[in-house]
Each structure stands twice: as C-alpha cells, then as structure tokens.
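A.B. asks: My structure is below; once you've seen it, I'll send some questions.
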Amino acid sequence: MPSYTAPVNDIQFVLHALLDAPSQDIPGYSELDADFTAAVLEEAGKIAGNVLAPLNAVGDREGCVLENGVVRTPTGFKDAFDQMKEGGWTALDCDPEFGGQGMPVLLGTAVGELFSGANQSFTMYQGLTHGAYSAIHAHGTEAQKAKWLPRMVSCDWTGTMNLTEPHCGTDLGLMRTKAVPQDDGSYRITGQKIFISAGDHDMSANVVHLVLAKIPGGPEGIKGVSLFIVPKFLVDDEGTIGARNGVSVGKLEEKMGIHGNSTCVMNYDEAEGYLLGSEHKGMRAMFTMMNEARLGVAMQGMAQAEAAYQNAVIYAKDRLQGRAVTGAENPDGPADPLIVHPDVRRNLMDQKSFVEGARAFMLWGANLLDRSHRMNDAEAEGLVSLLTPVLKGFLTDKGFECAVAAQQVYGGHGYIEEWGMSQFARDARITQIYEGANGVQALDLVGRKLAADGGKHVMGFFELVKAFIKENEGDEALKADFLEPLKSASKDLQAAGMFFMQHGMKNPNAALSGSYDFMHLFGHVCLGLMWARMAKAASTALASQTGDAAFYETKLATGRYYMARQLPATKMHLARIESGAAPVMALSAAAF
Ligand SMILES: Cc1cc2nc3c(=O)[nH]c(=O)nc-3n(C[C@H](O)[C@H](O)[C@H](O)COP(=O)(O)OP(=O)(O)OC[C@H]3O[C@@H](n4cnc5c(N)ncnc54)[C@H](O)[C@@H]3O)c2cc1C
C-alpha cells in the first residue's frame, strides 16, 4: 500500500526562503514565523500520514453506497472526519467571527496540500464546504451568515456547489432548474443537478446546498441565473434542525476515481431555498469565489503528483533490475536498484522538478489571494485572476501526467491495483475536468483574462519577470542556468501574445486554436520564474552557510533540471500557436 509523508521542509522553504511570509505587510502574516508554520505543518502531516492516507485505498475500494436515500461513506471516514473537526482543521482559514481561526489562505493552502495528497476524496467533503462557506461569507446577509456559517466552519454541516445539469456543464446559460418566489420571501426550487460532489453522506447532521437556478420571467441565458441556499434539513431561526426539505439523491455516479467522495444526482422537488446575493446575479456570486476554488483544484493536481512521486522514489530505490551502465552499484546484490538507470532518473526528475515548482507557484497564488482579499490590492487581484486559469489548467494537466509517470516507475506493478499507483492517476484525472474543464480554462485565459483591463495584468507579469532578471543579472551562479532560459521562455510567451493580438481580431479561431498551448506556455514560464526565484533563495542560503547545505544543493540541481529539460517546451508551444488556425480547422466536421 502506498505511504504518504508530509513534505514539510519543501513547504517551509517556499513559505520562508522564497516568500518570506512573516515579513510581508499582509494582515495576519506576521504570525507565520517559521516555528509556528513548522508546528502546524508537522501536526497536519501526522493526521495526513497516519489517519487520512491509510483510508485512501479503503475509500477507493469500498466507494460510497446509497442506502434508503442516504449515502454511506467508506469505513473509517466518519471517525477521521470527527478527528479533523475536533482538531479545528476545518476552520483554519475561516473568519474568527464565525468560529474560524483566521489564518491566511497561504497557510490553509499549504495544509490543504497535505490532506489532499493523503486522501483527495476525503478532503473534498471539507473542500466543498469551504467553497460554500466562502460564497455565503461574501454574499450572505448578516442573518444568513449567522445562521449557516458557524456550523459550516466546524463542518457540523457540510456544503456543496450545484451548477451542473444533464444538458449543461460549461454552458450554464442553458440551465433549467427553476426557483419560484414565495410570499414569505423564500423560493421553491425544482430541477435536477448532476455530478454533485459530497452531495450527500453520513458524516454531518445537515448538508447546505448552494444551487444555481433561474427565476421565471428573468433575463434569458446566463444573465438570468441566481444562487440559492437549499438545506437538506430545514433549520429554524434558533438553528435547530427540523423537517426534511424537498431535496433527495437520485443516484450515485459510478466513476473512474475519487470513489470515496459521493458524486450525486440531486433532485430538487419544490425544495425551500433562500436567495444568496441578488436576483439574477448568481454567476457573479460564483465568480467571486472561483479563483479560490480553482486554486484548490490546482492544489489537488499537484498534491496527487507529490504523493505518487514519493512512492515512485521508494520503489525505484527498492526494486532490483539490471545493472548500471557504468558498472554495478549494488555488487553484492543480484542487480542494481531501478534508480541507477538514467531513464528512470529522467522520469523521477520530471516529477520532482514539476512538483516543487508547482508548489511554489500554487503558494504564490495563495499569497496573491491574501494580498487581494486582506488588503484590497487591485494589482494582486488582477494578477491572480490572470494566473488562475494557468494554475488550474497547467498544474492539473501536469499533475496527472506526473501521476502516470510515477505509475510507470513500477512497470507492470503500477497497473496492478494492489500497489495503489493507479489510484493516484485515476484520482488526479478529475482535476483536469471539474471546476471548468481545462480547455475552458484556456479559453478563459486567452478570451478574457489576457485582454482584461487593457492587458495591464499580463504586462505586469512580464514586468515582474524582467525586473527579477535585471535585479540578478550580475549573479553568475544564476545567469546561464536560470536567467537566460527564463528570458528566452518569457520572450516566447510575449511572441505568442503578440501573435494573438495580430491575428485574433481578424480570425478568432487563430487565437482559440492556440489557447491550450498558450496556457501551457504560460505555465512553464511561471514555473521557470518560480525556479529562478528558488535558485536565488537556495544560493543565498548556501552563501550564508546556515541550514542544510545538501537540501539547498538539491534545490539548485532540481531547478537546473527544470530549466534545461522542461522549459524548452515553450518553443514547441510557440510554434504550434504560430501555425494559427489552419492546421486545426482544416477539416469539415463531416471529415472526422
Ligand atoms: C466527479 C465529478 C465531480 C463533479 N463535481 C461537481 C460539483 O460538485 N458541482 C457541479 O456543479 N459540477 C460538478 N461536476 C461537473 C463538472 O464541473 C463538469 O463536468 C465540467 O464543468 C464540464 O461540463 P460537462 O461535463 O457538461 O462538459 P461539456 O460542457 O459538455 O464540455 C465537454 C468538453 O467540451 C469542451 N468545451 C465545452 N465548451 C467549450 C467551448 N466553448 N470552447 C472550447 N471547448 C469547450 C470542454 O472543455 C470539455 O472538454 C463534477 C463532475 C465530475 C465528473
């Protein structure tokens, strides 16, 4: 069975050597000194490794079961959920006014990686609740917040997000679920939602569904969508649970992975619901929490890659096959371990260099979210909005690729369920699809985010890269291995942006045929920037002769690998983008 060890040192490196979190002027960051974050991560790591990871295979094997209209979660999930609640882990970055601990999103994301890496399906129950909490927190009335949030922060009641219907997932304007206003100010919700994660289960006393629906007579399409709070059980003004509402589970979906999370068809039959935010502004309410939710999915992608990589390393050191081409390294044994072979090394280095770069990118994203939320910093808000589709699309695509690569290290054993490696790939796969399929992330990036506010945010990103290169150009240790490749990759990204500007207006297909490559090109430049910054942090630490020199040397070597072996992919993506729409759109639909 796979194991999981919290990568505390790597996270600490990003929080402190790279981001220097406690020195940042963001409210709440001064508490994040290295001792404090280490203590939090160590404790979270114990739960991740000892409680959640052993349940990962159990959840995969048993899945959820629908019995008499109620979903039963896999053996051990409820006890583990109670432990998470008792430890206050569900409340870490929630508002203290509602029982939260008020920690920054940065720390919440760092801890979230550990829980998600250990058991994605389990952690989703809490993750979805957090999403619903954020929407109510941002858009609820004072009375709604007082009624729903404290029990959601503690996860006594969990939450869901209900957008998807059988005939619409991406194109939500086609939505049919309706909400009919009642004399008492509430609404009656009727319709069917599908694929609802954590839609029902036996770990909480109530489930608070957030449901998108249309009020009859409202604007057509997406502009007529409103958001509603629809609880499984009605709750009176004192917070006491009452009668069952008109919401039920139609069925549980059979799926490729995340078996431990209940994916439900939810039927709403004149269910009582309460408007959240304004009428017809449901999508706006959703958008305010989308950056956070998408960052959460990006985190899931990288966390699965980390977990799979850890096990691949253990296996590569243990499994004896063949001899090193340069001479036996285990002369007393029948063969050398897999890790001596350059191609196995290549595979592991691909994974390691991605995971560590991705973690830095993800935590930088969380840092920007804190800056935007806690300081109303419009620049940070613009930058994180631009980077969100890149985080979500690139980290989940590469996260899945890494999980498959880790499976490859096991040879045939990777394909056999007993070893648990296929679960990482199966679980990671959904991250490319939900919370907006990755093709739609690319569309959002190129179609909306690039040109937002006159292109100010993408220019801001280029300025960041340029400033870093200029600031460090005298540093010979960084120049050839980090700064020059970063400069070249950044130029490729600019050239791609220029191509869209020159051709996109005349022929939108020219831009959209290259949007997926652009998302990946952008992702590589972001990881290139992260590695250049980490290299600087590592070489500074080495020069000061404090800390673990071997750790910093390893960082530098891993970064060099990324710059030499991964970053050149920007050239390929640029060539594809510059080939325009013609090769992509050459065939008529009938020719397929
Ligand atoms: C396990 C699981 C859990 C889920 N959890 C939830 C949940 O909790 N709540 C919820 O509301 N939903 C949930 N979903 C639904 C998920 O968010 C949708 O499946 C997803 O958004 C895609 O919608 P769709 O399946 O209808 O695909 P479609 O919208 O039909 O899209 C199909 C494909 O076409 C592409 N495409 C669509 N439109 C365009 C376009 N204009 N340009 C380019 N490409 C396009 C997409 O990228 C996609 O690859 C879940 C799904 C699964 C499988």
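A.B. asks: Against the definition (under 22 Å from Gln310 (Cα atoms), touching a His at 6+ places or on another chain (Cβ under 8 Å) and crowded, with 24+ Cβ neighbours inside 10 Å), how does Ser116 come out, yes or no?
C.D. replies: Against the criterion (under 22 Å from Gln310 (Cα atoms), touching a His at 6+ places or on another chain (Cβ under 8 Å) and crowded, with 24+ Cβ neighbours inside 10 Å), Ser116 does not qualify.
A.B. asks: Of the residues Gly365, Gly420, Gly414, which is free of Cβ contacts under 8 Å to residues at least 12 places away in the same chain and surrounded by 18 or more Cβ atoms within 10 Å (Cβ to Cβ)?
C.D. replies: From the options Gly365, Gly420, Gly414, the qualifying one is Gly414.
A.B. asks: Considering every residue within the stretch 243-261, establish whether at least one is surrounded by fewer than 21 Cβ atoms within 10 Å (Cβ to Cβ), at pLDDT 95 or above, aliphatic (A, V, I, L, M) and more than 14 Å from the ligand (Cβ to nearest atom).
C.D. replies: Checking the stretch 243-261: at least one residue is surrounded by fewer than 21 Cβ atoms within 10 Å (Cβ to Cβ), at pLDDT 95 or above, aliphatic (A, V, I, L, M) and more than 14 Å from the ligand (Cβ to nearest atom).
A.B. asks: Anything in the stretch 408-441 that is over 13 Å from the mean Cα position of the chain (by Cα), of a type in the set (Val, Ile, Thr) and within 7 Å of the ligand (Cβ to nearest atom)? List them, or say none.
C.D. replies: Val440
A.B. asks: Also, quick follow-up: Please go through the stretch 505-562 and pick out each residue that is modelled with pLDDT under 95 and among the basic types (Lys, Arg).
C.D. replies: Passing the criteria: only Lys506.
A.B. asks: Suppose the filter is more than 10 Å from the ligand (Cβ to nearest atom) and either at pLDDT 95 or above or assigned to a strand (DSSP E or B) (or both); does Ile196 pass it?
C.D. replies: In short, no.
A.B. asks: A follow-up question, please. If Ser116 satisfies all but one of (1) in contact (Cβ under 8 Å) with a residue 24 or more places away in the chain; (2) part of a loop (DSSP other than H, G, I, E, B), what's the number of the condition it fails?
C.D. replies: (2)
A.B. asks: Next up: Condition first: more than 16 Å from the ligand (Cβ to nearest atom) and surrounded by 18 or more Cβ atoms within 10 Å (Cβ to Cβ). Now tell me which residues in the stretch 205-218 satisfy that.
C.D. replies: Answer for the stretch 205-218, where residues must be more than 16 Å from the ligand (Cβ to nearest atom) and surrounded by 18 or more Cβ atoms within 10 Å (Cβ to Cβ): Asn206, Ile215.
A.B. asks: Could I ask something else about it? Hand me the list of helices (runs of 4 or more DSSP H) wholly inside the stretch 28-108 holding 3 or more residues that are under 26 Å from Val247 (Cβ atoms).
C.D. replies: Where helices (runs of 4 or more DSSP H) fall fully within the stretch 28-108 and carry at least 3 residues being under 26 Å from Val247 (Cβ atoms), they are 77-86.
A.B. asks: Let me ask something additional. Mind checking which residues of the stretch 120-174 are within 17 Å of Met289 (Cα to Cα), more than 14 Å from the ligand (Cβ to nearest atom) and in contact (Cβ under 8 Å) with a residue 24 or more places away in the chain?
C.D. replies: Across the stretch 120-174, the qualifying residues are Tyr133, Ser134, Ile136, His137, Ala138, His139, Gly140, Lys145, Leu149, Met152, Val153.
A.B. asks: Still on this structure, please answer the following. Any residue at all in the stretch 327-348 that's closer than 30 Å to His16 by Cα, surrounded by 17 or more Cβ atoms within 10 Å (Cβ to Cβ) and in contact (Cβ under 8 Å) with a residue 24 or more places away in the chain?
C.D. replies: Yes; the residues of the stretch 327-348 include at least one that is closer than 30 Å to His16 by Cα, surrounded by 17 or more Cβ atoms within 10 Å (Cβ to Cβ) and in contact (Cβ under 8 Å) with a residue 24 or more places away in the chain.
A.B. asks: Taking the stretch 262-271 as the region of interest, how many residues are more than 12 Å from the ligand (Cβ to nearest atom) and crowded, with 20+ Cβ neighbours inside 10 Å?
C.D. replies: Qualifying residue count for the region: 2.
A.B. asks: Right, here's the next one. Within the stretch 199-215, count every residue that is of a type outside the set (A, V, I, L, M, F, W, C) and assigned to a strand (DSSP E or B).
C.D. replies: Looking only at that region, the number is 3.
A.B. asks: State which residue is farthest from the ligand (Cβ to nearest atom) when the search covers only the stretch 398-407 and only residues that are crowded, with 21+ Cβ neighbours inside 10 Å and under 26 Å from Ser385 (Cα atoms).
C.D. replies: Cys402
A.B. asks: Got a sec? Which strands (runs of 3 or more DSSP E) wholly within the stretch 230-343 have at least 2 residues that are within 27 Å of Arg429 (Cα to Cα) and of a type in the set (A, V, I, L, M, F, W, C)?
C.D. replies: Hits in the stretch 230-343: 247-252, 263-276.
A.B. asks: Sticking with this structure for a sec: Of the residues that make up the stretch 175-185, is at least one closer than 18 Å to Gly250 by Cα, assigned to a loop (DSSP other than H, G, I, E, B) and within 15 Å of the ligand (Cβ to nearest atom)?
C.D. replies: Yes; the residues of the stretch 175-185 include at least one that is closer than 18 Å to Gly250 by Cα, assigned to a loop (DSSP other than H, G, I, E, B) and within 15 Å of the ligand (Cβ to nearest atom).
A.B. asks: How many residues, within the stretch 162-187, are in contact with a Gly (Cβ under 6 Å, 6 or more places away or on another chain) and either among the hydroxyl-bearing types (Ser, Thr, Tyr) or assigned by TED's automatic domain parsing to the domain that holds Gly102 (or both)?
C.D. replies: 2
The values are calculated or read from the model by the stated rules, or taken from the named source; none is laboratory data. These numbers were taken from a predicted model, which means no experiment stands behind them. Here the Cβ is made from the backbone with ideal geometry for all residues, glycine too, and neighbour counts use every protein chain on show.
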